[in-house]
C-alpha cells in the first residue's frame, strides 16, 4: 500500500523536519559542552576505506577515550554511500547508519568526531584516479595529461572550474549531515599540481591566489553557510625557503603566500613525521608552529610513528601552548592495526604531555 495522500505526505515531512531539528539541537548542545570541557585536543586521524574500517574504529573508541583521545578525525573521502551523487561512491562504502552509529559511540565517550574529505589535491593514488576526476575529467587541473598518472604524485582538481565546487560541496554536505558533524577537515595537503599551463582556467594565475581561493570557497560554504569549524593540513602554507623543510612538509611551488589571504578561524594541522636532522642546514626547531600561530591561527601539531619526532614536536607544541596550540594529533596512515591502536606507543606517548 502506498501512502500518497497530500495530508499524509505533509505530516510525514513535518515529522521528519522536527526530528532533524531535534537532532540538530542535541548536536549543538553536545558540542557546546564538549568545547567547555576540552581546552586541550588529543586526536587520532584514521582512514576509513570501508564499512569494516568504521566498525573496527567503533569497537576501539571506548579504549581510545580511556587513553586520552577526545577527537577522532575520520578520513572518509569517496568511501561513503552518497545519495545525491551515487556515482561518486568508491569501493566498500560507509552508510549513513554506519556514520550515525559511530558518532553516537564517540559522543557517549566524550569524543568529537570530525570527518575528512580531501579537497583540491589527492584526487588520485598510484594508477587509480578517484571518481571526481575519473567521471569529470573536465575538472582536472592537468586534463589529458599523465596517462595512468605516470610522472605525478596525485591529481588535483581545478580550483577555478565554474562547476567543481557545487559537486564537492554536495559530497561534503552529505558526509557532514550523516556524521552530525560540527566540523570538517578538508585535507589540502601535498598539492603539487596548481596553476598548470595545461588548465584553461588556471594558466598564468598566481599559485598562492588559486590556493587561497580554494580555501576561501570551502570556508564560505562550510563555515559561513553550514556553521562548521574548518580544519586543513598546513604544509602548503609554509615556504620551504623560510622553514628549511623539504617539499613535502612545505611548499616549493608558490602556494605559501596564501596564508596571508585566508580566514584566521581555520584550524591548521601542522604535520611532521620525522626529526629535523634529515634536512640540510638542520633547523633547530619546528619553526612552522611559531610561524602559523604568529599569523593568528590555532595550530594542531601532528606526528606519526617515529617516537623521536613525536617527542620533539610535542616539546615545540608545549612551548607555544598559550599561543594557540590546541594539543596533539596522532596520525596513523596504516602503520598500526585499528584493533591495536589504543595501546600504540606513538599515540600513548604523544598524548602523555597533554593529559
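The values are calculated or read from the model by the stated rules, or taken from the named source; none is laboratory data. Note that the structure is a prediction, hence the values are computed from the model and not measured. FYI the Cβ positions are ideal-geometry reconstructions off the backbone, even for glycines, and counts take in every protein chain you see.
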**Report entry** Cβ-Cβ under 6 Å pairs, at least 6 apart or on other chains, the stretch 81-96 side in the same structural domain as residue 129 (by TED's automatic domain parsing), far side modelled with pLDDT under 95 and part of a loop (DSSP other than H, G, I, E, B)
**Finding:** 92/50
Query raised in the report: Would you pick out the residues in the stretch 249-276 that are assigned to a loop (DSSP other than H, G, I, E, B) and at pLDDT below 95?
Result: 274, 275
Query raised in the report: Given the structure, is residue 200 surrounded by fewer than 18 Cβ atoms within 10 Å (Cβ to Cβ), assigned by TED's automatic domain parsing to the domain that holds residue 301 and over 17 Å from residue 121 (Cα atoms)?
Result: yes
Report task. Specify which of the listed residues (340, 291, 316) is farther than 20 Å from residue 249 by Cα and part of a helix (DSSP H, G or I). Result -> 340
Report summary line: Every listed condition ((1) free of Cβ contacts under 8 Å to residues at least 24 places away in the same chain; (2) assigned to a loop (DSSP other than H, G, I, E, B); (3) closer than 30 Å to residue 28 by Cβ) holds for residue 166 save (2)
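So, in the stretch 137-154, of the ones that are part of a helix (DSSP H, G or I) and without any contact (Cβ under 8 Å) to a residue 12 or more places away in the chain, which residue ends up surrounded by the most Cβ atoms within 10 Å (Cβ to Cβ)?
We begin by selecting, within the stretch 137-154, every residue part of a helix (DSSP H, G or I); these are 137-139, 147-149.
Applying the additional criterion that residues be without any contact (Cβ under 8 Å) to a residue 12 or more places away in the chain yields 137, 147.
Values: 137: 12, 147: 8.
Residue satisfying both the conditions and the ranking: 137.
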Query raised in the report: Would a scan of the stretch 277-291 turn up a residue that is crowded, with 20+ Cβ neighbours inside 10 Å and in contact with a strand residue (DSSP E or B) (Cβ under 7 Å, 6 or more places away or on another chain)?
Result: yes
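Of these, 116, 160, which one is in the same structural domain as residue 249 (by TED's automatic domain parsing), closer than 25 Å to residue 270 by Cβ and crowded, with 16+ Cβ neighbours inside 10 Å?
Numbers: 160 fails: closer than 25 Å to residue 270 by Cβ.
Only one candidate passes the filter, namely 116.
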Report task. Return the total of residues in the stretch 325-351 being surrounded by fewer than 19 Cβ atoms within 10 Å (Cβ to Cβ), within 21 Å of residue 38 (Cβ to Cβ) and without any contact (Cβ under 8 Å) to a residue 60 or more places away in the chain. Result -> 1
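May I ask you to say which residue of 71, 46, 40, 76 is in contact with a strand residue (DSSP E or B) (Cβ under 7 Å, 6 or more places away or on another chain) and surrounded by fewer than 18 Cβ atoms within 10 Å (Cβ to Cβ)?
Values: 71 fails: surrounded by fewer than 18 Cβ atoms within 10 Å (Cβ to Cβ); 46 fails: surrounded by fewer than 18 Cβ atoms within 10 Å (Cβ to Cβ); 76 fails: surrounded by fewer than 18 Cβ atoms within 10 Å (Cβ to Cβ).
Residue meeting the stated conditions: 40.
From the list 109, 185, 122, exactly one residue is modelled with pLDDT of 95 or more, in the same structural domain as residue 331 (by TED's automatic domain parsing) and touching a helix residue (DSSP H, G or I) at 6+ places or on another chain (Cβ under 7 Å). Which is it?
Numbers: 185 fails: touching a helix residue (DSSP H, G or I) at 6+ places or on another chain (Cβ under 7 Å); 122 fails: touching a helix residue (DSSP H, G or I) at 6+ places or on another chain (Cβ under 7 Å).
Exactly one residue qualifies, and that residue is 109.
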